[in-house]
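This report concerns only the one structure given below.
The values are calculated or read from the model by the stated rules, or taken from the named source; none is laboratory data. The structure displayed is predicted, hence computed values, not measured ones. We place every Cβ from the backbone using ideal geometry, glycine too, and count neighbours over all the protein chains shown. For the accessible areas, the whole protein counts, side chains as well, though only heavy atoms, and no ligand, DNA or RNA atoms are used. Shrake-Rupley method; radii C 1.70, N 1.55, O 1.52, S 1.80 Å.
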Amino acid sequence: MHLAPITLTGVAVRLEPLSLDHHAALCRIGLDPALWRWTSVQIATPEEMLGYIEDALRLREAGTALPFATIDRASERVVGCTRYGNIDHANRKLEIGWTFMAPQWQRTRINTEAKYLMLRYAFETLGSIRVELKTDALNQTSRRAIARIGAREEGTLRHHMICADGRYRDTVYYSVIEPEWPGVKAALETKLQR
């Protein structure tokens with residue numbers, strides 16, 4: 001898998017390489033505590049958002065992440081952030097996650113299309129054989145969304161993380177594997193055509 005910053009463009013969404021230039025826009029939409037309820041980190045200040053971006057860029061330089069700013073093509077506004085992470089070149093697998101999106105764009109075509117673009121690029125360009133997604137076991141909205149894109153639930157890692165508030169998080173893992181991609185792709189394309 002050869003990873004380099006890339007722009008992925010759909011009808012409703014554009015995923016462009018994350019940069020420090022996105023900081024102000026991500027602060028405008030990303031400091032809402034509700035966005036970070038189910039995560040192991042809490043981003044509440046511009047300084048914490050800067051650290052979040054800088055960490056993502058360091059991981060990109062190390063070759064273990066590829067972060068994106070999520071852009072609504074209709075308004076050209078930054079509406080969120082997502083990334084490939086935990087990239088394992090030897091085993092041709094990666095994870096899609098670290099996703100947050102402003103509430104008004106959640107449960108819209110933008111998130112579905114963003115996941116479609118990322119899955120398609122992972123399987124058809126990078127040659128991935130496995131794409132993982134994970135979420136807090138208590139986050140029913142995220143669990144439904146991940147299942148809706150066609151990922152298969154694999155199991156729960158108990159006490160997998162310690163949240164910022166000290167709660168022990170159980171994490172549910174999902175995946176799409178290479179032989180499943182054609183069917184998942186067709187189902188997503190059908191959803192996006194509606």
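In region 150-177, which residues are at pLDDT below 95 and touching a helix residue (DSSP H, G or I) at 6+ places or on another chain (Cβ under 7 Å)?
None - no residue of region 150-177 is at pLDDT below 95 and touching a helix residue (DSSP H, G or I) at 6+ places or on another chain (Cβ under 7 Å), so the list stays empty.
Mind checking whether some residue in region 74-86 is of a type in the set (Lys, Arg) and within 16 Å of Arg28 (Cα to Cα)?
Initial filter on region 74-86 (of a type in the set (Lys, Arg)): 77, 83.
Those left that are additionally within 16 Å of Arg28 (Cα to Cα): 77.
Yes, there is a match, as at least one residue in region 74-86 is of a type in the set (Lys, Arg) and within 16 Å of Arg28 (Cα to Cα).
Within region 17-35, is there a residue that is under 16 Å from Tyr121 (Cα atoms), assigned to a strand (DSSP E or B) and either in contact with an Asp or Glu (Cβ under 6 Å, 6 or more places away or on another chain) or not aliphatic (A, V, I, L, M) (or both)? Explain how you work it out, then say what you get.
Just the residues of region 17-35 that are under 16 Å from Tyr121 (Cα atoms), to begin with: 17.
Checking the rest, the ones that are also assigned to a strand (DSSP E or B) come to 17.
After this cut, where a residue has to be either in contact with an Asp or Glu (Cβ under 6 Å, 6 or more places away or on another chain) or not aliphatic (A, V, I, L, M) (or both) as well, the list is 17.
Checking region 17-35: at least one residue is under 16 Å from Tyr121 (Cα atoms), assigned to a strand (DSSP E or B) and either in contact with an Asp or Glu (Cβ under 6 Å, 6 or more places away or on another chain) or not aliphatic (A, V, I, L, M) (or both).
Among the residues of region 98-127 satisfying the criterion of being farther than 23 Å from Tyr173 by Cβ and aliphatic (A, V, I, L, M), which is surrounded by the fewest Cβ atoms within 10 Å (Cβ to Cβ)?
Ala102
Answer with yes or no whether Glu95 is open to solvent by less than 30 Å² (accessible area, probe 1.4 Å), touching a strand residue (DSSP E or B) at 6+ places or on another chain (Cβ under 8 Å) and within 30 Å of Ala24 (Cβ to Cβ).
Numbers: open to solvent by less than 30 Å² (accessible area, probe 1.4 Å): yes; touching a strand residue (DSSP E or B) at 6+ places or on another chain (Cβ under 8 Å): yes; within 30 Å of Ala24 (Cβ to Cβ): yes.
For Glu95, the condition - open to solvent by less than 30 Å² (accessible area, probe 1.4 Å), touching a strand residue (DSSP E or B) at 6+ places or on another chain (Cβ under 8 Å) and within 30 Å of Ala24 (Cβ to Cβ) - is met.
Within the set of pairs 6+ apart or on separate chains, which have a first residue in region 125-146 that is within 21 Å of Ala90 (Cβ to Cβ) and small (Gly, Ala, Ser), a second that is at pLDDT 95 or above and open to solvent by 40 Å² or more (accessible area, probe 1.4 Å), and C-beta atoms under 8 Å apart?
Listed by first residue and then by second, the contacts come to Gly127/Arg92; Ser128/Arg92; Ser128/Lys93; Ser128/Glu178.
Go through region 66-93 and give me each residue that's over 11 Å from the mean Cα position of the chain (by Cα) and among the aliphatic types (A, V, I, L, M).
Correct list: Ile71, Ala74, Val78, Val79, Ile87, Ala90.
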